[in-house]
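Undergrad: So that we are looking at the same thing, I have put the structure below in structure tokens.
The values are calculated or read from the model by the stated rules, or taken from the named source; none is laboratory data. Predicted model only: the values in this text are computed from it and were never measured. Note: ideal-geometry Cβ built from the backbone for every residue, glycine included; neighbour counts use all protein chains shown.
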Amino acid sequence: MTKEYIREAYEKLRKQLGHKPSKDKFYEETNVTDYYVIKFFRTFSNLVKEIGDVPESFLKAGKSDDEFMIPYGNMIKQLGGIPSTADWLHNNGKPVVSSYRKKFKLIKWENMVTVFYNYACDRPEWTEVIALIPHINGSKIKFQEKESEESYVYLMLDKKNKKLVGL
């Protein structure tokens, strides 16, 4: 199988379909395998670009601030307070915590409440939710500390290197 053969198979399928084929459709309808696409083009997107089509990009647009803030505010309302990461996971919060951290460049999840407050404080539709956020003078957020949970640390001795290792 050659690079030219793969290009021709793509172009033939595109003509047959009347639009650019998806990656799955390409592999399904041709005898080209991902091995050869990777070998000659490194990725399916590179093949698509080389042909002159625009590859699909699911991360291109990204979610708007509203698509992050509305679920976060609704979770505050549902819980009656600021959600911890455990609350978010337990209630199947979407987008996921890592997406919030990336979008808003958060070092800690608990900082999300400040981002939300800054977003919602001047919006009348969030007045009820803002009231559930404990704050002082309208700007400083006070976090409620949770009682510590019992936890265990296991230690292991590496006899060969004579080092104590914590798990």
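Undergrad: Could you please let me know if Val129 is touching a Gly at 6+ places or on another chain (Cβ under 6 Å) and either modelled with pLDDT of 90 or more or within 16 Å of Asp65 (Cβ to Cβ) (or both)?
TA: yes
Undergrad: Another question about this same structure. Could you grab the pairs with beta carbons closer than 7 Å, sequence gap of 6+ or different chains, first residue in the range 98-122 and surrounded by 14 or more Cβ atoms within 10 Å (Cβ to Cβ), second one in a loop (DSSP other than H, G, I, E, B)?
TA: Cβ pairs passing all conditions: Tyr100/Leu106; Glu110/Phe143; Met112/Leu106; Val113/Ile82; Val113/Ile133; Tyr117/Ile133.
Undergrad: Looking only at residues in the range 81-93 that are closer than 16 Å to Tyr117 by Cβ and in contact (Cβ under 8 Å) with a residue 40 or more places away in the chain, which one is surrounded by the fewest Cβ atoms within 10 Å (Cβ to Cβ)?
TA: Filtering the range 81-93 for residues closer than 16 Å to Tyr117 by Cβ gives 81-83.
Restricting the remaining residues to those that are in contact (Cβ under 8 Å) with a residue 40 or more places away in the chain gives 81-82.
Working: Gly81: 15, Ile82: 22.
Among residues in the range 81-93 that are closer than 16 Å to Tyr117 by Cβ and in contact (Cβ under 8 Å) with a residue 40 or more places away in the chain, the one surrounded by the fewest Cβ atoms within 10 Å (Cβ to Cβ) is Gly81.
Undergrad: Let me ask you something else. Which ones in the range 7-31 are surrounded by 14 or more Cβ atoms within 10 Å (Cβ to Cβ), within 18 Å of Glu56 (Cβ to Cβ), hydrophobic (A, V, I, L, M, F, W, C) and more than 29 Å from the chain's Cα centre (by Cα)?
TA: Leu13 - this is the single residue of the range 7-31 that is surrounded by 14 or more Cβ atoms within 10 Å (Cβ to Cβ), within 18 Å of Glu56 (Cβ to Cβ), hydrophobic (A, V, I, L, M, F, W, C) and more than 29 Å from the chain's Cα centre (by Cα).
Undergrad: May I pose another question? Select from the range 132-150 the residues that are outside the structural domain of Gly80 (by TED's automatic domain parsing) and at pLDDT 70 or above and list them in ascending order.
TA: Hit for the range 132-150 is Glu150, nothing else.
Undergrad: If you don't mind, there's one more thing I want to ask. Just to be sure, is Asn46 more than 30 Å from Val129 (Cβ to Cβ), out of contact with any strand residue (DSSP E or B) (no Cβ under 8 Å at 6 or more places or on another chain) and exposed (fewer than 14 other Cβ atoms within 10 Å of the Cβ)?
TA: Numbers: more than 30 Å from Val129 (Cβ to Cβ): yes; out of contact with any strand residue (DSSP E or B) (no Cβ under 8 Å at 6 or more places or on another chain): yes; exposed (fewer than 14 other Cβ atoms within 10 Å of the Cβ): no.
So Asn46 fails the test.
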